[in-house]
There are 2 protein chains.
Amino acid sequence: MTDERSAGPAVAGGAEEGRGAAEAVDGVLVALADPMRRRLLDLLAARGEATATMLAGGVPVSRQAVVKHLAVLEAAGLVSGGRVGREVRYAVRPAALDATARWMAALASDWDRRLATIKRLAEQAERDSR
Amino acid sequence: MTDERSAGPAVAGGAEEGRGAAEAVDGVLVALADPMRRRLLDLLAARGEATATMLAGGVPVSRQAVVKHLAVLEAAGLVSGGRVGREVRYAVRPAALDATARWMAALASDWDRRLATIKRLAEQAERDSR
DNA sequence: AATTGACGCAACCCCAGAGTTGCACATCGC
DNA sequence: GCGATGTGCAACTCTGGGGTTGCGTCAATT
């Protein structure tokens, strides 16, 4: 087994590199917005490694549809695929997902900060007018 | 200012309650997948509170388009709107975003766990065959 | 009361993308 | 070599959703 996928920090998928964090996040969000793609990710995470044909067996769509979904997922950095003989094995990549999770958490805390400021100002104004 | 939005844990938006975590996450992901909606969230977070008409002024689409986006965002629990006189003021709600961020982080760490297991098993098998 | 500004509803256009089918090409097992 | 299996490519269909326009309604201002 060529373990090019198991530990390398370099993006083997070759789909995302020189882009800003915003566009990387965009790709992940768009990819995750589709229920079928989330299901495929689930299957893939459960099996560790699988081909498009295998995955198509566990989902009510054609193999070609699965291939397209995998292409989107790979472009988003969520999975990576490599050829082994005549088949293409895909595996899950946690890094992109983790990065997006952190982005969202940071955004949420930013909103919290802003809301706290707004509230404080409002109370201040009320105190002044009283 | 009625601060029904600032601290209450109860979902004032009235759009999500009896659903499982999966569908709540789905709504948030679908909502965030659109760049225009993310921009509207940004504007809303920056202004603290705004109406659809105001937001339409800072974005290259019609007011009606903004209204539709706000409806999606509200259904996802990302914003909440309330009538004040003849206008409807919207504000950002960090809770749903934070919950989704945690869901993603948990999923990423789950993938990591599975990958670690796979890798361990592979090394074990290799050691045995040697 | 008349006017103005903000909202809601409904009908409509348009295209990206999810899914399909058919076929050609490569690879494994015999 | 030959059949069987798995991929890749391309053309095609069709639904969903983002966007628009038009109009009716309601509240604030004067």
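Things to note:
- Relative to the current alpha-carbon distance between B:Ile118 and B:Glu87, full extension at 0.36 nm per residue lengthens the span by 5.5 nm.
- Distance in nm between pseudo-label sites at B:Ala22 and A:Val61 (7 Å out along the Cβ direction from Cα): 1.7
- For the B-to-A rotation axis, chain B residue with nearest beta carbon and its distance in angstrom: B:Ala33, 2
- A 1.4 Å probe run over the protein chains yields, for the stretch B:14-130, 54 Å² of accessible area per residue, whole-number rounding.
- Net dipole in debye of the stretch B:21-129 [+1 Lys, Arg Cβ; -1 Asp, Glu Cβ; about Cα centre; nearest 20]: 440
- Long-range amide H partners of A:Val88 with built H, under 5 Å: A:Ala52
- Mean sequence separation of contacting Cα pairs (under 8 Å, at least six apart), scaled by the length of the stretch A:36-130, corresponds to a relative contact order of 23 percent.
- Cα-based shape type of the stretch A:21-129, given that a ≥ b ≥ c are square roots of the gyration tensor eigenvalues and the cut on a/c is 1.5: prolate
- Position A:Ala122: other-copy label points at 5.4 nm, ordered by increasing distance, label point 7 Å along Cα→C-beta.
- The mean count of C-beta atoms from other chains within 10 Å of the C-beta of residues in B:93-103, rounded to a whole number, is 5.
- Cα gyration tensor shape for the stretch A:40-87, rounded if a/c is under 1.5, else prolate or oblate: rounded
- Accessible surface buried once B binds A (1.4 Å probe; total of both sides; Å²): 2900
- Sequence-distant residues sharing a close amide H with A:Val59 (under 5 Å, placed H): none
The values are calculated or read from the model by the stated rules, or taken from the named source; none is laboratory data. Note that the structure is predicted; figures quoted are calculated from it, not measured. Glycine also receives a Cβ, built like all others from the backbone with ideal geometry; neighbour counts cover every protein chain displayed. Note: areas computed on protein heavy atoms with side chains; ligands, DNA, RNA excluded. Shrake-Rupley method; radii C 1.70, N 1.55, O 1.52, S 1.80 Å.
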